[in-house]
There are 2 protein chains.
Amino acid sequence: MRKNAEINATPVCQVRMQAISDAMSLLSGKWKFHILGTLIEGNTLGFMDLLREIDGIGTKMLSKELQDLEMNNLVSRTVMNTKPITVEYSITEYGKTLSSLIDELANWGIEYRKSVYEKGNN
Amino acid sequence: MRKNAEINATPVCQVRMQAISDAMSLLSGKWKFHILGTLIEGNTLGFMDLLREIDGIGTKMLSKELQDLEMNNLVSRTVMNTKPITVEYSITEYGKTLSSLIDELANWGIEYRKSVYEKGNN
DNA sequence: CGGTATAGTATCCAATAGGAAACTACTTTC
DNA sequence: GAAAGTAGTTTCCTATTGGATACTATACCG
C-alpha cells in the first residue's frame, strides 16, 4: 500500500515533467503551432502574408505570438530595407527542430478525427 | 506578388491545420500531458494517487481534466467494488498512441533547456 | 465516536487568453 | 489628394483557465 511513494518523484520523471512544462510554456496557445507550421511550409513570409494564411487570427494575436516566438528563438524577424517597409518572418534553425513534433501532432489529430468518425458510424 | 494566394489554402494544409486544432483542443491546458504521462508510466492509479503524483494539481482540476480525458477516450475510469470505494484510472489503448508524442515533447523540452543553458554561458 | 482515508463537488475569486474595432505612421498608386 | 497596402499598437471587453478553500458522503480503524 503506497502512501507517499511516487512514480514521478524519480529524478528522470522530474526532469521529464519539467521538460513538458517548459515546452508547453513556449508552445501553448491557440496559434503558435499554426504560425510555426505555416512558416515551416512557407519559408519566409511578411506580417500580412501570415495574417492571410492563418485563418481567423487577428493582428493583435499575430503580433503578440510572433514576439513570443521571436523571443524564444523559434522565429526570426528581419526588417527589410524596402519602400514601403516590409518585414520578413521566417523559422529559425532551432524552430525547425519542432517540425517532426508538429508533424506528429498533425498526424495524430488526423487519426483521431478518423477514429471518431468511424465510431460514429457504429 | 501574392495577394490572396495561400499556402494554407491547399487541401492538404487545411486538413493539417484542422488536425492541429483538433489535437490541441483535446490536449491543451496545464495538466493533460502530466496526467497522461503519469498514467502511461504508472498503468493504473487511483484519484488520490494521481493527486500525490502530480505536483501542484488540486482536486478540482484533476477531477475536471480526468473527465475531459475520459470523454475523449484517452483515459478509462473504473469504479472498483471495494470498501472503501476506490476508482482506478488508466490509460486506454487509444491514449497510448500519444506516448511517442509525449516522449518527443519531453525530449524537445530537455534539449531546449540545455540550449538555453548553453547560450547563457556564452 | 473521532481521525483518516476514499473520491470527488461546489463556490468564489484572480489571472490570463483572446477577439473586435479603432488608430498610428509611412508610402505608393490612381 | 484619396485609397490602399505596408506593419503593427491600443483599448475595451468577454470568456476561459486555474487555484484555494470548504464541503459532502462513505467506510474503516482503533
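The values are calculated or read from the model by the stated rules, or taken from the named source; none is laboratory data. Just so it is clear, the structure is predicted and the values come from calculations on it, not from any experiment. FYI the Cβ positions are ideal-geometry reconstructions off the backbone, even for glycines, and counts take in every protein chain you see. Please note that ligands, DNA and RNA were not included when accessible areas were found on the heavy atoms of the full protein model with its side chains. Shrake-Rupley method; radii C 1.70, N 1.55, O 1.52, S 1.80 Å.
Overview of results
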| quantity | calculated |
| --- | --- |
| Per residue accessible area in Å² of region A:30-121, where ligands, DNA and RNA are left out and the probe is 1.4 Å | 55 |
| Fluctuation leader among A:Glu88, A:Glu111, A:Glu41 - chain A, Gaussian network, Cα springs under 10 angstrom | A:Glu111 |
| Listed residues B:Met48, B:Met61, B:Met17, most fluctuating in chain B (Gaussian network, C-alpha, under 10 Å) | B:Met17 |
| Helix-only CD estimate at 222 nm, as mean residue ellipticity for chain B, using -39500 (n - 2.57) per DSSP H run (n ≥ 4) | -19500 deg cm²/dmol |
| FRET efficiency, B:Lys96 to A:Ser63 (Cβ-Cβ, R0 51 Å, nearest 0.05) | 0.85 |
| Between 0 and 90°, nearest 10: helix A:59-71 axis offset from chain A longest Cα axis | 70 |
| Partner lysines for A:Lys60 [C-alpha distance under 25 Å; skip if fewer than 8 residues away on the same chain] | A:Lys30, A:Lys32, A:Lys83, A:Lys96, B:Lys3, B:Lys30 |
| Normalised alpha carbon radius of gyration of the protein assembly as shown [divisor 2.2 N^0.38 Å] | 1.15 |
| Integer Hz, Karplus 6.51/-1.76/1.60 couplings in order for region B:75-81, x for Gly and Pro | 9, 10, 10, 10, 7, 8, 8 |
| Selected from A:Leu45, A:Leu74, A:Leu101 as most flexible by GNM, with chain A as the system and alpha-carbon contacts under 10 Å | A:Leu101 |
| Region A:34-96, Rg to Rh (Cα coordinates; Rh as Kirkwood inverse mean 1/r) | 0.94 |
| At 7 Å out from Cα toward Cβ: B:Glu111 inter-copy label distances (nm, ascending) | 2.1 |
| Two-site label geometry, B:Val79 and B:Val116: point separation in nm, points 7 Å out along Cα→Cβ | 4.4 |
| Student exercise, the protein assembly as shown dipole from Lys, Arg, Asp, Glu Cβ charges, in Debye to nearest 20 | 520 |
| Per-peptide average of other Cβ atoms within 10 Å, ordering A:6-15, B:63-72 highest first | B:63-72, A:6-15 |
| Tilt relative to chain A, helix A:11-27 - C-alpha long axis, 0 to 90 degrees, to 10 | 30 |
| For region A:84-89, Karplus couplings with θ = phi - 60° (6.51, -1.76, 1.60), whole Hz, Gly/Pro x | x, 3, 10, 10, 10, 9 |
| Directionally averaged projected area (convex hull, Cα atoms, chain B), nm² | 12.2 |
| Helix A:99-121 axis, angle to chain A major axis (alpha carbon atoms, nearest 10°) | 60 |
| Residue mean of other protein chain beta carbons inside 10 Å, B:64-71 | 0 |
| Amide H contacts of A:Val75 (H built 1.01 Å from N, under 5 Å, at least 5 apart or other chain) | A:Glu70, A:Thr92 |
